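The next block holds one structure in the form of structure tokens; read it before the comments.
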Amino acid sequence: MLTPFTQRALNIIRNIPEGKVLTYGRAAALAGKPRGARQISRFLHSMSEKHDLPWHRIINSKGKISLKQSHGYELQKALLESEGIKFSKSDTIDLKLYLAFDL
DNA sequence: CCACTGACTACTT
DNA sequence: CAAGTAGCCAGTG
């Protein structure tokens with residue numbers, strides 16, 4: 001059984017427009033738990049495939065990918081780039097431009 | 001129910 | 001700016 005928070009978070013993530021991203025913290029906040037960032041990552045980990053979640057659109061508060069180089073980092077980066085998102089020199093995404101639901 | 005874990009965040013050095 | 005620390009909260013055993 002999932003909490004309402006989890007369900008809202010899932011719904012929000014599923015609604016991220018292409019070419020946009022959301023940080024764990026923002027997604028959690030929109031779902032009603034400003035401190036539930038860690039849960040977001042858990043959901044993606046266990047249900048990304050089943051729920052058709054665009055897990056690659058979720059990044060950390062610094063605008064960077066949290067995965068490790070040999071653990072999906074490059075895959076996520078490639079997926080984001082294919083949606084039109086540009087990375088800076090340090091593989092950083094400009095949240096001002098790409099953060100969803102933040103305007 | 002208690003303990004542990006984690007794709008986090010904010011604060012402090 | 002990088003590294004360390006504490007707080008957070010739901011899922012899992």
If I filter region A:16-25 for residues that are over 23 Å from residue A:78 (Cβ atoms) and free of Cβ contacts under 8 Å to residues at least 40 places away in the same chain, do I get at least one hit? yes
For region A:80-93 the number of residues that are under 18 Å from residue A:41 (Cβ atoms) and part of a helix (DSSP H, G or I) is 1
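Name the residue, out of A:96, A:77, A:33, A:64, that is charged (D, E, K, R), assigned to a helix (DSSP H, G or I) and surrounded by 15 or more Cβ atoms within 10 Å (Cβ to Cβ). Outline the logic, then answer.
Values: A:96 fails: surrounded by 15 or more Cβ atoms within 10 Å (Cβ to Cβ); A:33 fails: assigned to a helix (DSSP H, G or I); A:64 fails: assigned to a helix (DSSP H, G or I).
Exactly one residue qualifies, and that residue is A:77.
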Exactly one of these conditions fails for residue A:70: (1) out of contact with any strand residue (DSSP E or B) (no Cβ under 8 Å at 6 or more places or on another chain); (2) assigned to a loop (DSSP other than H, G, I, E, B). Give me its number. (2)
Can you spot a residue in region A:39-56 that is within 15 Å of DNA strand C (Cβ to nearest atom), of a type in the set (Lys, Arg), part of a helix (DSSP H, G or I) and under 30 Å from residue A:2 (Cα atoms)? yes
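Computed from the coordinates by the stated procedures, all read-outs in this text should not be read as laboratory data. Given the structure is predicted, the values throughout are model-derived calculations rather than measurements. When we count neighbours, we look across all protein chains shown, and the Cβ atoms used for this are built from the backbone with ideal geometry, even at glycine.
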